[in-house]
Amino acid sequence: MDALDQVLDKYATSQDLMDQIRYTVESLSLGFDQWGKRHVSGPSLYFLIIAEVNFSEYTDPLGSNEWPVDRCRVATESPEAFTKVARDVAFSRDGAVIITGDGTIQEQMVRVRSPSRTDIPGVEELNYPDWMGTKHMSALESSLRNDVLWGITLSEEDGRVTTFLNGTYQDYPREEIGGRWRPKS
């Protein structure tokens, strides 16, 4: 049984949650038509899906950056509401959005502290490609934590979508998002 199967076995609804988040992030990337324009930043998102609600040992609140839970509290409850709120957050707030394995979104957005070598075995062996910014490096490092199930980022620079699992990542440059289902331009 590989790592993803173990995660999905423990959290039966996680695949639906992961699919919903990834679909939303990809649709925001594809829906923005200003990529590559000078002095224009696209939507930016950083989601961590975690197993436990206690994440304060490795995060700090990021000021007044909050997910509007009054508009969307559970990611899978209403895909339309989740996408609409994610779009608003992607253009107006900063920090990681924490979602528990059951889909509940935490209100306070956070800064995720970099782990020390003693905190997480293997973190010193991570290789960071040149394109990775701090958000992506944080997601890669965080994916090694025991209670982090999965991470996903949307780059404000070029619309790339990256998923993170157990110290590995799968990168999808914007032109590859959607694969064979992507509408032809």
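Quick notes on this structure:
- Condition check for V69: modelled with pLDDT of 85 or more, farther than 27 Å from D158 by Cα and either of a type in the set (V, I, T) or surrounded by fewer than 18 Cβ atoms within 10 Å (Cβ to Cβ) (or both): yes
- Some residue of segment 153-164 being out of contact with any Asp or Glu (no Cβ under 6 Å at 6 or more places or on another chain), within 24 Å of W67 (Cα to Cα) and without any contact (Cβ under 8 Å) to a residue 60 or more places away in the chain: yes
- Odd one out for D171, checked against (1) assigned to a strand (DSSP E or B); (2) touching a Phe, Trp or Tyr at 6+ places or on another chain (Cβ under 6 Å): (2)
- In this structure, L144 does satisfy being of a type outside the set (S, T, Y), more than 24 Å from G63 (Cβ to Cβ) and surrounded by fewer than 22 Cβ atoms within 10 Å (Cβ to Cβ).
- Enumeration of residues in segment 105-127 that are farther than 22 Å from G159 by Cα and modelled with pLDDT of 95 or more: I105, Q106, E107, Q108
- Scanning segment 94-122 for residues that are touching a residue at least 24 places away in the same chain (Cβ under 8 Å), β-branched (V, I, T) and either loosely packed, with under 14 Cβ neighbours inside 10 Å or farther than 22 Å from P68 by Cα (or both) yields a single hit, I120.
- Residue within segment 147-155 that is part of a loop (DSSP other than H, G, I, E, B) and crowded, with 16+ Cβ neighbours inside 10 Å present: yes
- Number of the exception - T100 against (1) under 18 Å from S14 (Cβ atoms); (2) touching a Ser or Thr at 6+ places or on another chain (Cβ under 8 Å): (2)
- Segment 126-141, subset among the charged types (D, E, K, R) and free of Cβ contacts under 8 Å to residues at least 60 places away in the same chain, residue surrounded by the most Cβ atoms within 10 Å (Cβ to Cβ): E141
The values are calculated or read from the model by the stated rules, or taken from the named source; none is laboratory data. These figures come from a predicted structure and were not determined experimentally. When we count neighbours, we look across all protein chains shown, and the Cβ atoms used for this are built from the backbone with ideal geometry, even at glycine.
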